[in-house]
1. Given an 8 Å cut-off on Cα distances and at least 6 residues of separation, report the relative contact order of the chain as a percent.
2. Once both labels are modelled 7 Å past Cα along the beta-carbon direction, what's the residue 101-residue 54 spacing in nm?
3. Work out, step by step, the length gained on full extension between residue 27 and residue 3: first 0.36 nm times the residue separation, then minus their alpha carbon distance; give nm to one decimal.
4. Given a Förster distance of 41 angstrom, what is the FRET efficiency for residue 65 paired with residue 91, based on the Cβ-Cβ distance and rounded to 0.05?
5. What number, rounded to the nearest 500 deg cm²/dmol, is the helix-based mean residue ellipticity at 222 nm of the chain, given -39500 (n - 2.57) per DSSP H run of at least four residues and division by all its residues?
6. FRET efficiency for residue 82 and residue 17, Cβ-Cβ distance as r, R0 = 35 Å, nearest 0.05?
7. How large is the convex hull of the C-alpha atoms of region 19-61 per residue, in Å³?
8. Jot down the radius of gyration and Dmax of region 3-83, Cα atoms only, both in angstrom.
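Taken together, the values in this text are just the output of simple stated rules run on the coordinates, not laboratory data. These numbers come from a predicted model, not from an experiment. Note that we place each Cβ from the backbone using ideal geometry, even for glycine, and neighbour counts take in every protein chain shown.
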């Protein structure tokens, strides 16, 4: 059974000469496409499915191994896994009875400042 995730990866301390290889290796493991680089740290995120019974932790270890192999040695690999199929959320519903209260209240705040 596949599960839908957003995976964020941050790679710190990789060999700058191997950045392209690191990005390619990570992208081969997950659908990372748009990479950012800031002060030698690489980041990317993408949505995809995790399947075959693989856990988030198993995926993160597999990704770290691919990055380390491409880097030619260790570096810090942080993986943030967000399960997208059952996120907590809040619902806010406004109707005509809320209109005057909200519009008037916001108008009073602006005039009272």
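1. 38 percent
2. 5.0 nm
3. 6.8 nm
4. Rounded to the nearest 0.05, the efficiency is 0.50.
5. Mean residue ellipticity at 222 nm (helix-derived): -12500 deg cm²/dmol.
6. Between residue 82 and residue 17 the formula returns 0.65.
7. It is 79 Å³ per residue.
8. Cα-based Rg and Dmax for region 3-83 come out at 11.8, 36 Å.
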